[in-house]
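Peer 1: First the structure, then my questions, so here it is.
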Amino acid sequence: MSDLIVIDSKNINSFKNLIKKNNQDFKDFENIGWSLEQVNNHLEKKDNRSYGLFKNDDLIGFVVGNLIKSDNFYEYEIYIIYIDTQYRKLGYGTELINIIADFPYNFPLRKITLEVSEENKKAVNFYKKNKFNLIGVRKNYYVIKNKKKENALIFEKLIYD
């Protein structure tokens, strides 16, 4: 079983340790614009609402996102969701999605949104499996460091209407 905590910049050492374990995955994050410094900067923001899954005091997965208040409800935007390679396909990613959906916020959570490269087939399949619906495409949205452009798929999961 894993332990969940709300994470902020105080947990950056846990991110660093996970990065050291899975360096290639984080090179991929950097290629689309997410460096460790940018993650830390996001974790310091007021509207940061990020969660980490810990097993034996080691970070095994996390979601970095924002909670956005709109009228009398919230929307959650996922920026990064990541599970350590040795813990994939064990339900931890779905656990993070469920944590976002079930967290006791001050107002009801209406939906969860995210963007993902259409080239990231594993992630696209994961989101579809977790009942996210494709609602749009941003053409040539991601500019990868090698100057290749990739479309972003916009997904949404309605929590309540």
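Peer 1: Considering the zone a paramagnetic label at residue 134 would reach in this model (a point 7 Å from Cα along the Cα-to-Cβ line), which residues of the range 146-161 have amide N under 20 Å from it?
Peer 2: Correct set: 149-158.
Peer 1: Which of 76, 51, 87 ends up with the largest GNM mean-square fluctuation for the chain, with Cα atoms connected below 10 Å?
Peer 2: Highest fluctuation among the options: 87.
Peer 1: Most fluctuating residue of 53, 90, 43 in a GNM of the chain with Cα springs under 10 Å: which is it?
Peer 2: Among 53, 90, 43, the largest GNM mean-square fluctuation belongs to 90.
Peer 1: Using 0.36 nm times the number of residues separating residue 68 and residue 47, minus their current alpha carbon distance, what extension gain do you get?
Peer 2: Difference between extended and current length: 6.8 nm.
Peer 1: Out of the total accessible area of the range 93-161 (probe 1.4 Å, heavy atoms of protein only), what percent is carbon and sulfur?
Peer 2: That fraction is 48 percent.
Peer 1: Sticking with this one: Which links in 10/122; 16/131; 55/129; 20/121; 46/128; 10/129 stretch past 28 Å when you go from one Cα to the other?
Peer 2: With Cα atoms farther than 28 Å apart: 10/122; 16/131; 46/128; 10/129.
Peer 1: Which percent of the accessible area of the range 7-48 is formed by carbon and sulfur heavy atoms (probe 1.4 angstrom)? Provide the component values of the computation, followed by the final result.
Peer 2: Numbers: 1140 of 2630 Å².
Of the solvent-accessible surface of the range 7-48, carbon and sulfur hold 43 percent.
Peer 1: Quick check for you: with a 1.4 Å probe and neighbouring chains kept, what is the accessible area per residue of the range 34-161, in Å²? Display every interim value, and only then the final one.
Peer 2: On the way: 7290 Å² over 128 residues.
Accessible surface, normalised per residue, equals 57 Å².
Peer 1: While we're on this one: According to a simple spin-label model (label point 7 Å from Cα along Cα-to-Cβ), what is the distance in nm between residue 24 and residue 118?
Peer 2: If labels sit at residue 118 and residue 24, their model points lie 2.6 nm apart.
Peer 1: Mind putting a number on the dipole of the range 1-110 about its Cα centre? Charges go on the C-beta only, +1 for Lys and Arg and -1 for Asp and Glu, and I need it in Debye to the nearest 20. The partial results should precede the final answer.
Peer 2: On the way: 13 positive and 16 negative charges, 28 e Å.
Using Cβ point charges on Lys, Arg, Asp and Glu, the range 1-110 gives about 140 debye.
Peer 1: Take every Cα-Cα distance within the chain, group them into 10 Å bins from 0 onward, and report for each bin the whole-number percent of pairs it holds.
Peer 2: Going out from 0 Å in 10 Å bins, the chain shows 10, 39, 40, 11, 0 percent.
Peer 1: Starting from the Cα gyration tensor of the range 34-78, take the square roots of the eigenvalues, sort them a ≥ b ≥ c, and report rounded, prolate or oblate (rounded when a/c is under 1.5, otherwise prolate if a/b is larger than b/c, else oblate). Before the final figure, lay out each step's value.
Peer 2: Working: a/c = 2.99, a/b = 1.59, b/c = 1.87.
Oblate shape, in that a/c is at least 1.5 and b/c is the bigger or equal ratio.
The values are calculated or read from the model by the stated rules, or taken from the named source; none is laboratory data. Please read these numbers as outputs of a predicted model, since none were measured by experiment. Every residue, glycine as well, gets a Cβ built from its backbone with ideal geometry; the counts of neighbours run over all protein chains shown. Ligands, DNA and RNA are stripped out before the accessible areas are found, and what is left, the full protein with its side chains, is counted by its heavy atoms. Shrake-Rupley method; radii C 1.70, N 1.55, O 1.52, S 1.80 Å.
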